[in-house]
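Below: one structure, written as structure tokens.
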Amino acid sequence: MKKIIFLSALIALVGCDDGREYKKEASGSPYEIVVVAADSVWKGAPGDTLCAILQEDVEMLNQPEPLFDIVHTTPKKFNNILTRHRNIIRMEVDPAVVKTTVDAAYDVDSRPQMILYMRSNNADSLAMYLSMHRTRIQELLNDTEIGRFAARARRFPEQFLADTVKSMFGIDMVIPRGYKLRKSLAPNFMWMSYETPLTSQGIVIYTYPVDTLRQLSVNEIVAQRNAFVAAIPGPSDGSYMTTSSYLPPYIRPIEVNGRTWAEVRGFWDVAGDFMGGPFVSYTTIDKDNGRAIVIDEYVYSPKQSKGRRNFIRQMESIVRNVNF
């Protein structure tokens with residue numbers, strides 16, 4: 001089996017001012033990708049395969065949204081403006097290419113920027129290669145964007161909230177600018193959110209005692225979630241947040257900064273009213289203090305034109321800036 005090659009680390013090169021050569025700020029929106037390929041490649045098997053990979057639906061959103069937005073151009077039309085795009089994929093089929101590879105380069109013409117070079121000596125081989133590495137390609141592109149969100153939060157933090165989290169929970173956490181404290185219940189509950197006329201993004205942090213030898217189940221995590229987020233009021237009297245039972249949440253382990261977290265994704269509702277949206281929560285065991293620490297994040301975006309993908313991805317990046 002051929003190996004997929006990526007030339008640089010995902011996050012270390014994002015948004016750094018380390019004395020390197022000056023580069024213009026990258027253009028384009030998060031999760032937007034410019035694909036540079038000849039029409040014969042784009043309309044053939046490689047282009048079809050790449051589209052299937054990049055436009056797979058985002059998991060656990062109210063309405064279908066693709067993982068990435070795609071803009072196609074040909075090499076002849078790849079001009080100066082497009083060369084500065086934040087995400088570029090260059091597909092090439094050339095008989096002179098020795099073997100099929102996918103290579104990555106960073107900050108070539110702008111910053112932050114990632115370019116993936118996909119090369120092969122025939123179209124079918126490239127399509128098969130991309131299909132074999134479908135998940136890895138998705139993860140690389142997604143993790144790069146999440147790393148950019150995390151880097152921006154470090155540049156523009158809400159220091160008061162970070163200090164409050166440190167004093168209440170004993171952890172270092174970067175909160176993006178714009179979030180406001182909504183409720184704090186000593187010693188183990190804190191709710192903050194970022195509000196706009198069209199959206200709401202919330203972060204809920206809470207702890208509860210656990211037996212450190214017992215692995216937490218998704219049912220227990222959801223039960224604890226419901227007990228704590230009930231303190232978040234809905235728009236009408238007596239209404240409160242809860243976890244939707246329409247589609248059961250699912251759990252998977254992830255590792256961030258050397259620490260294992262249980263990631264749970266699902267949907268939230270408001271008991272007694274009509275509101276809802278996606279949530280993602282992260283639970284880790286603090287063995288020294290015999291407790292579970294939970295960072296629970298939700299999005300409310302009723303206007304479909306605004307989308308939910310980027311909002312929930314921004315929330316996912318917050319756990320990247322947590323240190324014990």
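The table that follows gives values for the structure above.
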{"item": "1.4 Å probe accessible area per residue over the stretch 108-253, in Å²", "result": "48"}
{"item": "Estimated inter-spin distance, ILE70 and ALA230, nm [label 7 Å along Cα→Cβ]", "result": "4.7"}
{"item": "Nearest-ten-degree value, helix 134-155 long axis tilted from longest Cα axis of the chain", "result": "60"}
{"item": "Spin-label pair ARG154/ILE254, simplified geometry with 7 Å Cα→Cβ offset, distance in nm", "result": "1.7"}
{"item": "Difference of contour (0.36 nm per residue) and Cα-Cα distance, TYR240 to VAL98", "result": "45.1 nm"}
{"item": "Exposed GluC sites (Glu not before Pro) absent - longest run of the chain, DSSP non-H/G/I/E/B, at most 11 other C-beta within 10 Å", "result": "60-324"}
{"item": "Rounded tilt (10° steps) of 159-169 against the dominant C-alpha axis of the chain", "result": "60"}
{"item": "Distance violations [Cα-Cα > 29 Å] among LYS24/LYS99; LYS23/LYS77; LYS43/LYS303; LYS23/LYS76", "result": "LYS24/LYS99; LYS43/LYS303"}
{"item": "The chain - percent of accessible surface contributed by carbon and sulfur, probe 1.4 Å", "result": "51"}
{"item": "Isotropic mean projected area of the C-alpha convex hull, the chain (nm²)", "result": "18.9"}
{"item": "Estimated FRET transfer efficiency (ALA223, ASP143; beta-carbon r; R0 22 Å; 0.05)", "result": "0.10"}
{"item": "All aspartates and glutamates inside 19 Å of LYS166 as judged from Cα atoms, apart from same-chain residues fewer than 8 positions distant", "result": "GLU158, ASP286, ASP288, ASP296, GLU297"}
{"item": "Vicinal HN-Hα couplings computed from phi for the stretch 53-64 (Karplus, 6.51 cos²θ - 1.76 cosθ + 1.60; Hz; Gly/Pro x)", "result": "6, 7, 10, 4, 5, 5, 5, 6, 10, 4, 10, x"}
{"item": "Modelled FRET efficiency - R0 51 Å, LYS43 with ASN323, Cβ distances, 0.05 increments", "result": "0.60"}
{"item": "Sites LYS303 and GLN55, calculated FRET efficiency, Cβ-Cβ separation with R0 22 Å, nearest 0.05", "result": "0.50"}
{"item": "The stretch 55-153: antiparallel DSSP beta bridges as a percent of all, rounded to 5", "result": "50"}
{"item": "DSSP bridge orientation in the stretch 23-94 - percent antiparallel, rounded to nearest 5", "result": "10"}
{"item": "Gyration tensor verdict on the stretch 85-219 (Cα atoms; rounded if a/c is under 1.5, prolate if a/b is larger than b/c, oblate otherwise)", "result": "prolate"}
{"item": "Distance-filtered residues of the stretch 258-284 - backbone nitrogen under 11 Å, label point 7 angstrom along LYS183 Cα→Cβ", "result": "none"}
{"item": "Distribution of pairwise C-alpha distances over the stretch 226-324, 10 Å bins, in %", "result": "14, 42, 33, 10, 1"}
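The values are calculated or read from the model by the stated rules, or taken from the named source; none is laboratory data. Keep in mind the model is a prediction, meaning the values are calculated, not measured. Cβ atoms come from the backbone with ideal geometry, glycine included; neighbour counts cover every protein chain shown. Surface accessibility is based on the protein's heavy atoms, side chains included, excluding ligands, DNA and RNA. Shrake-Rupley method; radii C 1.70, N 1.55, O 1.52, S 1.80 Å.
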